[in-house]
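Visitor: Starting off with a structure, shown below.
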Amino acid sequence: MKFEDFKSEIEKIYDRFSVKRYDKDQVVMIGLTLQNRRANDIDIFIDEDIPAFNIATDGNSNRLLKIEIGFDVESLDILLNVLDLIKKYMQEE
């Protein structure tokens with residue numbers, strides 16, 4: 001799955017999601033903290049600034065998923081749909 005397709009599908013699941021991919025290694029402000037992001041890392045935010053998911057690359061070039069917020073029971077369908085798309089994206093990249 002290409003990044004643009006992934007981004008479009010994530011943003012269709014929940015209209016408050018936004019997706020950002022980093023083009024180069026950099027330090028970024030997320031919430032109130034500075035965080036390192038490597039090239040091709042992806043953040044999924046709620047309302048543009050609340051981190052929800054992060055797809056990161058470790059030192060061995062392994063892709064790792066971090067879920068950064070809690071979800072209530074009524075949001076589990078959204079969570080499962082996002083996890084399914086993230087799995088497809090990570091497997092195909």
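Visitor: Suppose we filter the range 69-87 for residues that are surrounded by 14 or more Cβ atoms within 10 Å (Cβ to Cβ) and of a type outside the set (A, V, I, L, M, F, W, C); how many remain?
Guide: The number of residues fulfilling the criteria is 1.
Visitor: Out of the range 11-52, which residues are in contact with a helix residue (DSSP H, G or I) (Cβ under 9 Å, 6 or more places away or on another chain), modelled with pLDDT under 95 and closer than 15 Å to S75 by Cβ?
Guide: Listed by number, the residues that qualify are I13, Y14, F17, A52.
Visitor: Next up: Which ones in the range 1-54 are in contact with a Leu (Cβ under 7 Å, 6 or more places away or on another chain) and open to solvent by 60 Å² or more (accessible area, probe 1.4 Å)?
Guide: Answer for the range 1-54, where residues must be in contact with a Leu (Cβ under 7 Å, 6 or more places away or on another chain) and open to solvent by 60 Å² or more (accessible area, probe 1.4 Å): E9, V27.
Visitor: Moving on to the next point. Quick check: anything in the range 67-77 free of Cβ contacts under 8 Å to residues at least 40 places away in the same chain, on the phi < 0 side of the Ramachandran plot and in a strand (DSSP E or B)?
Guide: Yes; the residues of the range 67-77 include at least one that is free of Cβ contacts under 8 Å to residues at least 40 places away in the same chain, on the phi < 0 side of the Ramachandran plot and in a strand (DSSP E or B).
Visitor: It is to be established whether one or more residues within the range 10-24 are of a type outside the set (K, R) and free of Cβ contacts under 8 Å to residues at least 12 places away in the same chain. Steps first, please.
Guide: Our first condition is that a residue be of a type outside the set (K, R); within the range 10-24, this holds for 10-11, 13-15, 17-19, 22-23.
Next, from what is left, pick out any that are free of Cβ contacts under 8 Å to residues at least 12 places away in the same chain: 11, 15.
Scanning the range 10-24 turns up at least one residue that is of a type outside the set (K, R) and free of Cβ contacts under 8 Å to residues at least 12 places away in the same chain.
Visitor: Same structure again: Just name the residue that is farthest from I55 (Cα to Cα) out of those in the range 9-31 that are assigned to a helix (DSSP H, G or I) and in contact with a strand residue (DSSP E or B) (Cβ under 9 Å, 6 or more places away or on another chain). It would help to see each step written out before you state the result.
Guide: Initially, the range 9-31 is screened for residues assigned to a helix (DSSP H, G or I), giving 9-13.
Next, only the ones that are in contact with a strand residue (DSSP E or B) (Cβ under 9 Å, 6 or more places away or on another chain) stay: 10-11.
Values: I10: 13, E11: 16 Å.
By that ranking, first place goes to E11.
Visitor: Filter the range 34-78 down to the residues that are more than 12 Å from the chain's Cα centre (by Cα) and farther than 17 Å from Y22 by Cα and list them by number.
Guide: Once the filter is applied, which keeps residues that are more than 12 Å from the chain's Cα centre (by Cα) and farther than 17 Å from Y22 by Cα, the range 34-78 yields D47, N60, G70, F71, D72, V73, E74, S75, L76, D77, I78.
Visitor: Any chance you could count how many residues in the range 55-65 are more than 18 Å from K7 (Cβ to Cβ) and either of a type in the set (K, R) or open to solvent by less than 70 Å² (accessible area, probe 1.4 Å) (or both)?
Guide: Selection size over the range 55-65: 2.
The values are calculated or read from the model by the stated rules, or taken from the named source; none is laboratory data. Note that the coordinates shown come from a computational prediction; the quantities given were computed from them, not determined experimentally. Please note: Cβ atoms are built from the backbone with ideal geometry, for glycine as well, and neighbour counts cover all protein chains shown. Ligands, DNA and RNA are excluded from the accessible area calculation, which covers all protein heavy atoms including side chains. Shrake-Rupley method; radii C 1.70, N 1.55, O 1.52, S 1.80 Å.
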